[in-house]
Amino acid sequence: MSLNDVRELDRRDPLRLKRADFALPPGTIYLDGNSLGALPANVATRLVEVAQTQWGGDLITSWNKHNWIDMPVQIGEKIAPLIGAAPGQVVVCDTISVNLFKLLTFALALQPGRTTILSQADNFPTDLYIAQGLEQTLTSSRCKLVSVAESDLTDGLTDEVAVLLLTHVNFRSGAFHDMQKLTDLAHRKGVLVLWDLAHSAGAMPIHLDACHVDFAVGCGYKYLNGGPGAPAFVYVATRHQNAAVQPLTGWMGHADPFAFDSAYLPAPGILKFLCGTPSVLAMCALDEALNVFNAVDLQQVRKKSEALGDLCRTLFATRVDLAEFQLVSPIEAHNRASQIAYTHPHAYQICQALITENTITDFRAPDILRIGFTPLYTRYEDVWMFVEQITRIVSTRVYLDPKYSIRAKVT
Ligand SMILES: *Cc1c(COP(=O)(O)O)cnc(C)c1O
């Protein structure tokens, strides 16, 4: 495989024109869209417009005039087709962490007599932390978190389990679960399933309705490119929506928020999963960012993501200087989501050295270098250039410079 071959792949890429929808800094190779999606070009204009004309010009009348009040639902409906959800089941609000608290409590309420939340020990920490917090709040007689190794999940589905809490794509390795299989298995044991789609929504086709999923949450700022701290989304299957209330009974989830009644009455349907006032500027950024997905075929996105991962893995394997990197992702592209991860004893320093050369990947403690591919803007040539750079950095050992060992607050 030569640089010319790689450029030919870019020329033949059916998604190649999508890159122009993003405002990427020239000369930067960005391989971290799995942590923070790049800025879609129209978002900055939209934010200025909303601030000046709507907030600045129309002031509070914008809640009606510009439909600010309906944004959580409208943006939810824009996300729905990306995750295989029919209308009326997705809203955008809060963070994944907060939404997990709502949904786990809700799921426990639907399962009288069952008190266990079953999860995976290497799940993303905030998912486990929220379950631990809920266990403390409700006490272990009403909620108990059991986290097991992936291989023990099936055995863990006992008749004490109320809800299975899983992240679709492992944030370290990029391995992903068979959603259909695990959801079916859990249901056969009377267990509800909550999927965290943080590293899959926008990166691959997802079929929540077809898999008969009960609940899901997902991230606005990763593959959906909604900007730092973008609001998250919640999916609740229609069949469950009116069966209980969620615990964060704020006014935006009330049946009639502007009646200012002193008693809480949940809104019907998905609206009851809202809590407080939507963060309008952040909502507008996410709303605009989602337009990038217009007419995008997620099968094509998936195909390119597999090809980018395979290219990276193949190039790594041919460089003797990179022999110290150990693949922690599945070898087979069809078992891997849109990232590839390697361990290296100096992963942190190498990641920092790459950043000074304008190539951005990320590091996950204790020793993982994670390389994310966003098929809408990552080029095959970017992967090639990245492998060239990392090979140079490793062979010259420039990463041993002490300046690359200074740990920043955010890694
Ligand atoms: C990024 C990510 C989150 C983020 O949670 P927030 O509360 O929105 O900050 C949660 N879970 C997983 C699996 C993630 O990858």
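The values are calculated or read from the model by the stated rules, or taken from the named source; none is laboratory data. Fair warning: this is a prediction, and the values are worked out from it, not measured in the lab. All Cβ positions, glycine included, derive from the backbone under ideal geometry; neighbour counts span all protein chains shown. Only protein heavy atoms, including side chains, enter the accessible area calculation; ligands, DNA and RNA are left aside. Shrake-Rupley method; radii C 1.70, N 1.55, O 1.52, S 1.80 Å.
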- Message: Any residue that is touching a Gly at 6+ places or on another chain (Cβ under 9 Å), part of a loop (DSSP other than H, G, I, E, B) and crowded, with 18+ Cβ neighbours inside 10 Å - is there at least one of those in the range 113-120?
- Response: yes
- Task: Quickly run through the range 13-47 and pick out the residues that are polar (S, T, N, Q), out of contact with any Ser or Thr (no Cβ under 8 Å at 6 or more places or on another chain) and part of a loop (DSSP other than H, G, I, E, B).
- Result: Ser35
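Go through the range 270-280 and count every residue that is among the aliphatic types (A, V, I, L, M) and under 20 Å from the mean Cα position of the chain (by Cα). Working first, answer last.
Quick first cut of the range 270-280, residues among the aliphatic types (A, V, I, L, M) only: 270-271, 274, 280.
The next check asks that each one be under 20 Å from the mean Cα position of the chain (by Cα); those that pass are 274.
Looking only at that region, the number is 1.
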- Item | Candidates Ala333, Ala323 - the one that is over 21 Å from Leu36 (Cβ atoms) and without any contact (Cβ under 8 Å) to a residue 12 or more places away in the chain | Ala323
- Task: Determine which single condition Ala107 fails, assuming it passes every other condition in (1) more than 13 Å from Ala162 (Cα to Cα); (2) of a type in the set (Gly, Ala, Ser); (3) open to solvent by less than 10 Å² (accessible area, probe 1.4 Å).
- Result: (1)
- Which one of Ile83, Ile75, Ile69 is farther than 18 Å from Pro278 by Cα and of a type in the set (A, V, I, L, M)? Ile83
- When you go through Gln74, Gln54 one by one, which is the residue that is buried (at least 17 other Cβ atoms within 10 Å of the Cβ) and of a type in the set (S, T, N, Q)? Gln54
- Query: Which ones in the range 275-306 are touching a Pro at 6+ places or on another chain (Cβ under 6 Å), crowded, with 19+ Cβ neighbours inside 10 Å and farther than 16 Å from Lys222 by Cα?
  - Reply: Pro278, Lys304
- Message: Looking only at the range 87-142, filter to residues that are under 26 Å from Arg172 (Cα atoms) and among the charged types (D, E, K, R); which one of those is nearest to the ligand (Cβ to nearest atom)?
- Response: Asp127
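So that you can scan it fast, the table gives a plain yes or no per residue for (1) closer than 25 Å to Val398 by Cβ; (2) in contact with a strand residue (DSSP E or B) (Cβ under 6 Å, 6 or more places away or on another chain); (3) at pLDDT 95 or above:
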{"residue": "Leu322", "(1), (2), (3)": "yes, no, yes"}
{"residue": "Val328", "(1), (2), (3)": "yes, yes, yes"}
{"residue": "His334", "(1), (2), (3)": "no, no, yes"}
{"residue": "Ile340", "(1), (2), (3)": "yes, yes, yes"}
{"residue": "Thr343", "(1), (2), (3)": "yes, yes, yes"}
{"residue": "Gln349", "(1), (2), (3)": "yes, no, yes"}
{"residue": "Ala353", "(1), (2), (3)": "yes, no, yes"}
- Only residues that are part of a helix (DSSP H, G or I) and touching a Lys or Arg at 6+ places or on another chain (Cβ under 9 Å): list them for the range 48-99, please. Gln54, Asp58
